[in-house]
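Shown next, in structure tokens, is the structure this report addresses.
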Amino acid sequence: MKILAISGSLRAKSSSTSLVEATRLLAPPDVTVTVYDELGSLPHFNPDIDMEGAVLPLVVANLRRMIGEADALVISMPEYAHGVPGSLKNALDWLVSSSEFPGIVVGLINPSHDSFHANAALTEILKTMSARLPAEASVRIPLPKRGMDAEAIATDPALADALRAVMETLVAIEPRERW
């Protein structure tokens with residue numbers, strides 16, 4: 001199984017990035033987790049570029065290819081002004097009209113105990129885009145210490161168990177049919 005993990009934060013040492021990196025470290029042997037690292041390189045979404053027959057920017061084509069090759073997604077993001085970070089929303093806008101996204105299973109990992117609005121907004125966006133969002137794979141994993149890196153998360157029994165439970169849920173779901 002292939003999982004694509006996306007951090008909605010552009011900060012180098014963000015909690016969201018540490019959580020998606022920890023999923024890679026904790027993946028079972030039969031699961032490959034790839035952490036997407038081109039979020040900040042995506043151009044602003046422009047429908048004039050995203051037209052039938054148009055040549056997409058390479059970074060956009062790469063994102064779509066990676067989504068198409070993935071069996072599931074894991075997304076972790078901060079909340080900015082009660083909303084989804086602009087860089088993540090921009091990436092999703094590039095996927096709205098793509099054939100690679102519909103039907104994909106998505107796990108949402110919220111790294112804050114105070115963040116509620118962005119998760120609700122992201123859930124609505126993903127449902128509109130025809131993602132499958134199992135409740136058991138949408139969890140809040142607040143980190144006990146600010147600045148925890150992926151290795152510290154992966155070695156913390158409670159945090160590691162929570163991440164493993166998300167992956168177990170994603171692995172147990174029937175792979176999507178290509179639409």
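Every number here is computed from the coordinates shown, using simple stated rules; none is lab data. Treat the numbers as computed from the prediction; the structure is a model and nothing was measured. Ideal geometry is used to build each Cβ from the backbone, glycine not excepted, and the neighbour counts take in all protein chains shown.
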Pairwise centroid distance, computed over Cα atoms, of the stretch 97-137 with the stretch 1-77, Å: 14 Å
message: Please give the charge dipole size of the chain, origin at the Cα centre, charges +1 on K and R Cβ atoms and -1 on D and E Cβ atoms. Round to the nearest 20 debye.
response: 240 debye
query: For labels at ARG11 and ASN62 in the simple 7 Å Cα→Cβ model, what's the distance in nm?
result: 2.5 nm
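Within the chain, which complete DSSP H helices have Cα atoms spanning at least 15 Å along the helix axis and a mean Kyte-Doolittle hydropathy of -0.5 or higher? Mind dumping the intermediate values first?
Numbers: long enough: 15-26 (16 Å, 0.47); 58-69 (16 Å, 0.65); 117-128 (17 Å, 0.17); 157-172 (22 Å, 1.06).
Going by DSSP H runs, the hits are 15-26, 58-69, 117-128, 157-172.
Counting other Cβ atoms within 10 Å of each Cβ, which GluC sites (Glu not before Pro) in the stretch 106-179 have at most 11 and sit in a DSSP loop?
Details: sites: GLU124, GLU136, GLU151, GLU168, GLU177; in loops: GLU177.
Qualifying residues, ordered by number: GLU177.
Using only helices, what value at 222 nm comes out for the chain when you add -39,500 (n - 2.57) per DSSP H run of length 4 or more and divide by the total residues, to the nearest 500 deg cm²/dmol? It would help to have the intermediate numbers written out before the result.
Numbers: 6 runs with 68 residues, N = 179.
Taken over the chain, the calculation gives -11500 deg cm²/dmol.
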field: Charge dipole of the chain about the Cα centre (unit charges at C-beta), most positive-ward option of SER41, ILE3, GLY86
entry: GLY86
- line: Pseudo-spin-label distance GLU124 to GLU168, built 7 Å along Cα→Cβ, given in nm, is 3.3 nm
- prompt: Which value, to two decimals, describes the C-alpha radius of gyration of the stretch 74-134 once divided by 2.2 N^0.38 Å?
  reply: 1.07
task: Any chance you could get the radius of gyration and Dmax over the Cα atoms of the stretch 2-172, in Å?
output: 15.3, 50
